[in-house]
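The values are calculated or read from the model by the stated rules, or taken from the named source; none is laboratory data. What you see is a predicted model; the values in this text were computed from it and never measured. Virtual Cβ from ideal backbone geometry, glycine too; neighbours counted across all protein chains shown. Only protein heavy atoms, including side chains, enter the accessible area calculation; ligands, DNA and RNA are left aside. Shrake-Rupley method; radii C 1.70, N 1.55, O 1.52, S 1.80 Å.
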Amino acid sequence: MDSALIAGYQQPGAIKCTLIRFDLPGGPLCLTDGGFTSFDAGEGEGSETYFSRHPTYGVMSSVGSIKDGEDAGTTRIDVVLQPASDVAAAALGSPSIQGCRVQWWEGVIDRSTGGLIGVPELKFDGEIDKPRLSVDEDSLELTLECGTQAERQLEPNADWRLNNAFHTLVWPGEMGMAFVDGVTRKKEWRSRPENPGVFKRLLKAFVPIANL
């Protein structure tokens, strides 16, 4: 964590802020939970203004706590928005934003200048998974469920094989695999081997050599 940010947190009555940046197809959407501030996310866009109430898309209501990945799960967060209109809700819930990058920072506001103290701490860097719309008599909320790119490693990949059919699907017209055989594999990349003890025994066999 940035030293200036640490000092900012230690100030009496520190004004904490949440920053959320969505890298939408039409341009970045930058939101904060109070007032407005400027911050350079380092994406080549320079300093951007983060609004508490965006004139087109509405308000960021809350950011849920990070859900740590367990077993077959990955790190996830929920970002709750209050869209400014039905049109904004439809745009933010559109299938075209699935996979768009989302970043979450926590920072501290300087009382005297209104700017950020130090560099906000990056808490989450992932992508939008799916929206969930909640409607009642007097409110409209859109929850964007977000996950990390590591979640893609858990997607079924039974049809991803090192063969000519899949090779030409990825690179149309490239026939380098047309006459190659013996490339089938039982397990895909990053999967657990059927007998992990074989590798461990092989490693132990070379330990005496490494110690000479």
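Applying 1/(1 + (r/R0)^6) with R0 = 22 Å to the Cβ-Cβ distance of Gln98 and Lys123 gives a FRET efficiency near 0.55.
Pairs of Cα atoms nearer than 8 Å and 6+ residues apart set the relative contact order; for the stretch 1-143 it is 27 percent.
Relative to the Cα centre, the charge distribution of the stretch 23-137, modelled as +1 at Lys and Arg Cβ and -1 at Asp and Glu Cβ, gives a dipole magnitude of about 200 debye. Within the accessible surface of the stretch 29-96, defined with a 1.4 Å probe on protein heavy atoms only, the carbon and sulfur portion equals 47 percent. Summary of packing: across the peptides 168-174, 130-136, the per-residue average of other C-beta atoms within 10 Å ranks them, highest first, as 130-136, 168-174.
Neighbours of Gly107, meaning other residues whose beta-carbon lies under 13 angstrom from its beta-carbon, give a summed charge of -3 when Lys and Arg score +1 and Asp and Glu score -1. Average accessible surface for the stretch 1-159: 55 Å² per residue, computed with a 1.4 Å probe over protein heavy atoms with every protein chain in place. Protection proxy ranking of 85-96, 107-118, by the mean of other Cβ atoms within 10 Å over each peptide's residues and highest first, is 107-118, 85-96. Convex hull volume of the C-alpha atoms in the stretch 1-126, normalised per residue: 126 Å³.
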